[in-house]
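Okay, so here's the structure we're looking at.
The values are calculated or read from the model by the stated rules, or taken from the named source; none is laboratory data. Just so you know, these numbers come straight off a predicted model, no measurement behind them. Backbone-built Cβ (ideal geometry, glycine too); neighbour counts: all protein chains shown. Heads up: the accessible areas ignore ligands, DNA and RNA and are worked out on the full protein's heavy atoms, side chains in. Shrake-Rupley method; radii C 1.70, N 1.55, O 1.52, S 1.80 Å.
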Amino acid sequence: MKPQDRPQTRHLLRPRGYPDLLSIVIPVYNEEESLPFLQERLTCLVNRLPCAAEIVLVNDGSSDGSVQMLAQWAEADGRVRLFNLARNFGHQMAATAGLDRASGQAVVLMDADLQDPPEVILDMLEEYRRGYDVIYGRRTSREGETLFKRFSAWLFYRAIRLLVHADLPADVGDFRLVSRACLDAVCSMRETHRFLRGMIAWVGFPQTAVSYARNRRVAGKSAYPLRKMLWLAWTAAVSFSPTPLRLSFVLGFLIAAIGMLQAANAVVRSVLGLYVVPGWSSLIVVTCLIGGAILVSIGVLGEYIGRIFEAGKERPLYIIASKIDRAKPMDLDVAAQLAFISSKQLPERMPAEVSHKP
Ligand code: UDP
Ligand code: MG
């Protein structure tokens with residue numbers, strides 16, 4: 001079933017106008033080769049948009065020329081807000097930082113490498129006007145990506161849908177437009193191990209897709225090597241559901257059952273006098289199986305306990321080291337409040353620089 005056909009959300013569909021302000025959030029990590037293309041394409045697009053727009057750039061601890069290029073862009077264009085994170089926090093955290101700071105009524109999250117064409121935003125806005133709260137880009141083809149990357153991406157979405165989120169749309173990345181109502185819900189979820197796609201699917205609201213062909217990167221190379229992809233897949237699996245925990249239980253149960261059968265077999269044979277060779281090898285096999293099952297289960301438990309430990313520390317999700325932000329004072333208030341929430345403190349008292357503003 002397509003998400004837009006879900007009966008639970010159909011009644012929420014209300015046609016509306018364009019958003020007053022559209023925020024385009026882009027995490028950037030070592031993209032010096034892509035940035036000139038991005039700046040040109042995006043500036044062109046923003047000038048054509050039927051509504052006002054701001055561009056929220058999050059520099060995720062880049063170590064190349066991106067830092068200066070982003071700063072120049074933000075200095076030159078008042079619509080651009082730049083936040084420099086204190087180190088590389090990873091794509092999901094950088095995206096979270098940008099989403100927290102976005103002040104638009106609708107927010108688009110996209111990559112810096114132009115793999116997802118920004119012009120699709122125009123189609124997304126039309127769906128927004130129809131009343132959808134989440135409009136994700138669905139990739140119909142993936143140009144310029146290796147067979148392995150395509151296969152692993154295909155497998156990733158199918159496995160996650162089967163095991164964890166039946167609602168997670170397939171072949172959909174983080175490129176999407178989200179309404180303010182949905183974004184506020186996502187921003188209120190301060191979990192340490194984040195899988196934004198899953199979180200947005202979890203929140204609900206009417207969701208729909210616009211299709212587009214995924215291009216090759218304009219320049220540079222992917223900062224998502226196999227290691228990071230596997231890590232994201234694991235986070236997607238264990239941050240969202242106890243299914244892996246249950247799997248390990250089922251696995252342990254099956255293996256223990258095999259051990260029982262083997263033991264029954266040995267007893268019956270010895271009673272009936274069929275016992276010929278001392279069953280040393282079967283003993284070892286069974287011991288190994290049971291030992292393996294126990295270790296797997298403890299390992300999975302450990303993963304969850306590790307995550308509880310991480311979450312228990314209640315650290316902020318990311319740290320902003322500097323910014324170039326000419327947002328209005330009212331927006332600064334919102335940003336200050338979000339900073340409080342991101343460090344999980346209640347905004348009982350506003351910081352001096354904000355509370356003493358006229
Ligand atoms: N990115 C980031 N932090 C990281 C890795 C990537 O902010 O640690 C950004 C990167 O600059 C790009 C986006 O996340 O804008 C997607 O990364 P990439 O294109 O390398 O991933 P792929 O498209 O290959 O999955
Ligand atoms: Mg990319």
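Filter the range 169-197 down to the residues that are more than 16 Å from ligand 1 (Cβ to nearest atom), surrounded by fewer than 21 Cβ atoms within 10 Å (Cβ to Cβ) and closer than 19 Å to ARG138 by Cα and list them by number.
Of everything in the range 169-197, just one residue is more than 16 Å from ligand 1 (Cβ to nearest atom), surrounded by fewer than 21 Cβ atoms within 10 Å (Cβ to Cβ) and closer than 19 Å to ARG138 by Cα, namely PRO169.
Please state which one of ILE200, ILE160 is at pLDDT 85 or above, surrounded by 20 or more Cβ atoms within 10 Å (Cβ to Cβ) and of a type in the set (A, V, I, L, M). Before you say what the answer is, go through the steps one by one.
Working: ILE160 fails: at pLDDT 85 or above.
Selected residue: ILE200, the only one of ILE200, ILE160 that is at pLDDT 85 or above, surrounded by 20 or more Cβ atoms within 10 Å (Cβ to Cβ) and of a type in the set (A, V, I, L, M).
I'd like to know if the range 31-48 contains one or more residues that are under 24 Å from LEU317 (Cβ atoms), open to solvent by 10 Å² or more (accessible area, probe 1.4 Å) and touching a residue at least 24 places away in the same chain (Cβ under 8 Å).
yes
Can you tell me which residues in the range 70-97 are under 25 Å from CYS182 (Cα atoms) and more than 16 Å from ligand 2 (Cβ to nearest atom)?
Correct list: ARG79, VAL80, ARG81, LEU82, PHE83, LEU85, PHE89, MET93, THR96, ALA97.
Checking THR208 against (1) open to solvent by less than 60 Å² (accessible area, probe 1.4 Å); (2) within 14 Å of ligand 1 (Cβ to nearest atom), which single condition isn't satisfied?
(2)
The rows are residues; the columns are (1) touching a helix residue (DSSP H, G or I) at 6+ places or on another chain (Cβ under 6 Å); (2) not small (Gly, Ala, Ser).
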{"residue": "ALA76", "(1), (2)": "no, no"}
{"residue": "ASN88", "(1), (2)": "no, yes"}
{"residue": "VAL107", "(1), (2)": "yes, yes"}
{"residue": "ILE121", "(1), (2)": "no, yes"}
